[in-house]
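Take a look at the structure set out below.
Nothing in this text is a laboratory measurement; each read-out follows from the coordinates by a stated rule. Keep in mind that what you see is a predicted model, and the values were worked out from it rather than measured. For neighbour counting, all protein chains shown are included, and Cβ atoms are generated from backbone atoms with ideal geometry for every residue, glycine included.
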Amino acid sequence: MSTLLFQQASFLTSAANVSQAPADRGFEIAFCGRSNAGKSSALNRLTQQKGLARTSRTPGRTQLINFFALDDDRRLVDLPGYGYAKVPQSLKQFWQQHLDHYLRSRSSLIGLVLLVDSRHEPKPFDLAMIDWAKTAGLHLHVLLTKADKLSKSQSQQALFRFQRERRAIGSSQLFSATSGLGLNELGGTLSGWFETAIGSRGQDLL
Ligand code: GDP
């Protein structure tokens, strides 16, 4: 099963800036999205660990970059949620700067998982992340979250519309942390990225 790897996740460290991050070796995949998009719930569901990433009813509170080890070589990263109105502007700028630095400088970063609430249109910052991933040559996978809140046909329409309008992006799928919809697809996609990265490192060593 493609999600087994993720059940091994264990908390590694929280970083307030890139200099506090773990050594930039191996490979990592970062989860990002607006506050309240369902990022913590998705990480908890993927790793089958209810308390791994803190789900919070006060969005915008978790302002650290959290690193989780899967094994010696592979990590998941929980980036601070962005775009929550109650976070003061100065804090927003501070975090955008640190996020930007992380995204630009981290050589072990191989891909981004962007979470967008399936009931809403992507916002400018979401689109900026999509552009950024493309420019940086990173894998990008978009989760249209909370799909259980829509009917089957509404959620299919949301996915269809997203894929039609954002044709240039890597891949996207419906996801529900509540029902588990799309869990295997997510696990399979991320495992595939890790496998490709590890395979190409092998090639470099030849
Ligand atoms: P984060 O701020 O992006 O980490 O979002 P959270 O994971 O904390 O989720 C925000 C809110 O949405 C919480 O009240 C969650 O219980 C709820 N939520 C998250 N994922 C789902 C889902 O798949 N279905 C439903 N119905 N609610 C969800």
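Under 18 Å from a label point set 7 Å out along the Cα-to-Cβ vector of PHE11, the amide N atoms of segment 27-44 belong to 31, 39-44.
Here the Gaussian network model covers the chain, with springs between Cα atoms less than 10 Å apart; of ALA136, ALA15, ALA23, ALA23 fluctuates the most.
Residue separation times 0.36 nm, minus the C-alpha to C-alpha distance between ARG201 and ARG164: what's the value? Show your work: numbers first, answer last.
Values: separation 37, 0.36 × 37 = 13.32 nm, distance 3.39 nm.
Once the chain is fully extended between ARG201 and ARG164, it gains 9.9 nm.
The gain in end-to-end length when the ARG104 to LYS50 segment is fully stretched comes to 16.4 nm, 0.36 nm per residue minus the alpha carbon separation.
Mind putting a number on the dipole of segment 5-201 about its Cα centre? Charges go on the C-beta only, +1 for Lys and Arg and -1 for Asp and Glu, and I need it in Debye to the nearest 20.
On the way: 25 positive and 15 negative charges, 131 e Å.
Dipole size: approximately 620 debye.
For segment 118-206, the list of trypsin sites (Lys or Arg not before Pro) that fall in a loop by DSSP and count at most 15 other C-beta atoms within 10 angstrom reads ARG119, ARG167. Farthest toward the positive end of the dipole of segment 82-174, out of LEU140, GLN157, LEU127, is the Cα of GLN157, where the dipole comes from beta carbon charges about the Cα centre.
For a 18 Å ceiling on Cα separation, which of these pairs sit above it: LYS39/LYS152; LYS39/LYS149; LYS92/LYS146; LYS39/LYS123? Walk me through the numbers on the way to the answer.
On the way: LYS39/LYS152 22 Å; LYS39/LYS149 16 Å; LYS92/LYS146 25 Å; LYS39/LYS123 16 Å.
Among LYS39/LYS152; LYS39/LYS149; LYS92/LYS146; LYS39/LYS123, the Cα-Cα distance tops 18 Å for LYS39/LYS152; LYS92/LYS146.
Per the Debye calculation on segment 5-201 with a single equal scatterer at every Cα and no solvent contribution, log₁₀ I(q)/I(0) for q = 0.11, 0.19 Å⁻¹ amounts to -0.45, -1.53.
Just need the relative contact order of the chain here, percent rounded to a whole number, with Cα pairs under 8 Å and 6+ apart. Walk me through the numbers before you get to the answer.
Numbers: 340 pairs, mean separation 48.8, N = 206.
Result for the chain is 24 percent.
Using only alpha carbon pairs under 8 Å that are at least six residues apart, calculate the relative contact order of segment 87-206 and give it in whole percent. Once divided by the residue count of segment 87-206, the mean separation gives 22 percent.
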